[in-house]
Amino acid sequence: MKILALSLAMLAPCLAAGPDVGKGRTMGNPAAPMLLELYSDFVCPGCKHLHENVLPAIVRDYVSTGKAYLVFREFPLNIPAHVHARPAAVLAVAAARIGKYQTVSDALFRSQQAWGLSGKVWETVAGVLTPVEQKTVQALARDPGVLAEVQRDVDRGMKIPVSQTPTIMITYKLKQQPWAQFADYGLFRSYIDGLLKK
């Protein structure tokens, strides 16, 4: 019985991530003891801060060391100021299908203010892809499967519920806890380290 319980605990991150996310939107070892699901919006300034300033430390301290498996989830806010967030999410998910999720995410966050105002999301994405990749991503962005994948992330976030972006859903030993305070990475690191010692 103990072996079964241990096996289930080890599989929990894999089961929680589910088959709804392709490998293009994940980072690390799926067998890691902790699952981190990052819900973000490409127009959100806090998400930009997390992506550029906090995420590298999370990857260094937990993902690269095999302590956590990271899943990127799209959570485009449905508010007027974020009208271009869903098209950006769709293009990022389409790019994930060809292994370019991180490249596109980096470009979208780097140029967030420009395309967030102008709506030139495609121009930002196209700038980091080859001509062949551009055609593929444009075709995939119209694929109902890609659109459904973005909606599944949104629906999943609504069930948590994600009340703000960015939010990381932390799953460890079958327990889940959302975390949305990233002003102090030390506090997040202290919390994660405390969990991993249990």
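Results, tabulated for the structure shown:
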{"item": "Checking ARG142 against (1) touching a helix residue (DSSP H, G or I) at 6+ places or on another chain (Cβ under 8 Å); (2) free of Cβ contacts under 8 Å to residues at least 24 places away in the same chain, the condition it does not meet", "result": "(1)"}
{"item": "Residue that is surrounded by the most Cβ atoms within 10 Å (Cβ to Cβ) [pool: residues in segment 102-131 that are hydroxyl-bearing (Ser, Thr, Tyr) and over 17 Å from VAL43 (Cβ atoms)]", "result": "THR103"}
{"item": "Those residues of segment 166-198 which are assigned to a loop (DSSP other than H, G, I, E, B) and touching a residue at least 40 places away in the same chain (Cβ under 8 Å), in sequence order", "result": "PRO166, LYS173, LEU174, PHE182"}
{"item": "Within segment 38-139, helices (runs of 4 or more DSSP H) holding 3 or more residues that are aliphatic (A, V, I, L, M) and in contact (Cβ under 8 Å) with a residue 12 or more places away in the chain", "result": "55-58, 85-96, 101-110"}
{"item": "Sole exception among (1) in a loop (DSSP other than H, G, I, E, B); (2) surrounded by 11 or more Cβ atoms within 10 Å (Cβ to Cβ) for SER163, by number", "result": "(2)"}
{"item": "Residue in segment 59-99 that is surrounded by the most Cβ atoms within 10 Å (Cβ to Cβ), counting only those that are touching a strand residue (DSSP E or B) at 6+ places or on another chain (Cβ under 7 Å) and more than 30 Å from ARG142 (Cα to Cα)", "result": "ALA68"}
{"item": "Among the candidates LEU50, LEU70, LEU35, residue that is over 18 Å from PHE109 (Cβ atoms), under 13 Å from the mean Cα position of the chain (by Cα) and either at pLDDT 95 or above or of a type in the set (D, E, K, R) (or both)", "result": "LEU35"}
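The values are calculated or read from the model by the stated rules, or taken from the named source; none is laboratory data. All figures in this text were calculated on a predicted structure; none of them were measured in a lab. For neighbour counting, all protein chains shown are included, and Cβ atoms are generated from backbone atoms with ideal geometry for every residue, glycine included.
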